[in-house]
Amino acid sequence: QVQLVESGGGLVQPGGSLRLSCAASGNIFRLATMGWYRQAIGKQRELVARMTVGGRIDYADSVKGRFTISRDNAKNTVYLQMNILRPEDTAVYYCNAHFVGPDYWGQGTQVTVSS
């Protein structure tokens with residue numbers, strides 16, 4: 001059984017920064033593509049960033065140059081450093097693990113960007 005637990009969300013002013021963390025339990029972390037998705041009110045869930053075991057990274061165009069995904073395989077943790085935050089980044093952010101079979105999801109952490 002895989003469990004993903006996110007932390008680090010909160011309220012931040014425009015232009016500010018937050019760092020999200022996702023701690024994974026279970027045995028697939030070292031084999032899985034780890035990613036961050038977000039869902040704003042009234043919108044579909046969308047990919048923010050993902051990182052394969054081999055280190056390939058994909059970012060949504062809207063976050064390129066502002067967000068950085070990283071992973072620490074020794075700690076079974078994936079991070080999302082978010083800089084220069086904008087009001088449109090406001091959403092619930094979800095951690096995702098993709099290997100074989102169904103994806104695993106965390107419970108989500110709220111990020112609100114507002115003055």
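Just a few scattered comments:
- Any pair with Cβ under 8 angstrom, 6 or more apart, that starts in the stretch 97-111 at a residue that is touching a residue at least 60 places away in the same chain (Cβ under 8 Å) and ends at one that is open to solvent by 80 Å² or more (accessible area, probe 1.4 Å) and in a loop (DSSP other than H, G, I, E, B): none
- Number of residues in the stretch 42-58 that are open to solvent by 50 Å² or more (accessible area, probe 1.4 Å), in contact (Cβ under 8 Å) with a residue 40 or more places away in the chain and either touching a Ser or Thr at 6+ places or on another chain (Cβ under 9 Å) or of a type in the set (A, V, I, L, M, F, W, C) (or both): the value is 1.
- Subset of the stretch 81-97 [within 12 Å of Leu4 (Cα to Cα) and surrounded by fewer than 17 Cβ atoms within 10 Å (Cβ to Cβ)]: none
- Val113 vs. criteria in contact with a Lys or Arg (Cβ under 7 Å, 6 or more places away or on another chain), under 21 Å from Ser17 (Cβ atoms) and either surrounded by 14 or more Cβ atoms within 10 Å (Cβ to Cβ) or not aliphatic (A, V, I, L, M) (or both): yes
- When the stretch 77-115 is filtered for residues that are of a type in the set (S, T, N, Q) and either modelled with pLDDT under 95 or assigned to a strand (DSSP E or B) (or both), the ones remaining, listed by number, are Thr77, Gln81, Asn96, Thr109, Gln110, Thr112.
- Taken over the stretch 59-80, the criterion of being under 13 Å from the mean Cα position of the chain (by Cα) and either within 13 Å of Gly8 (Cα to Cα) or open to solvent by less than 30 Å² (accessible area, probe 1.4 Å) (or both) is satisfied by Ala60, Val63, Phe67, Ile69, Thr77, Val78, Tyr79, Leu80.
- Just so you know, in the stretch 2-34 the residues that are in contact with a Lys or Arg (Cβ under 7 Å, 6 or more places away or on another chain) and not in a loop (DSSP other than H, G, I, E, B) include one that is least open to solvent (accessible area, probe 1.4 Å), and it is Met34.
The values are calculated or read from the model by the stated rules, or taken from the named source; none is laboratory data. Here the structure is a predicted model, which means the values were calculated and not measured. Positions of Cβ are generated from backbone atoms using ideal geometry, with glycine treated the same way; all protein chains shown enter the neighbour counts. Heavy atoms of the whole protein, side chains included, go into the accessibility calculation; ligands, DNA and RNA do not. Shrake-Rupley method; radii C 1.70, N 1.55, O 1.52, S 1.80 Å.
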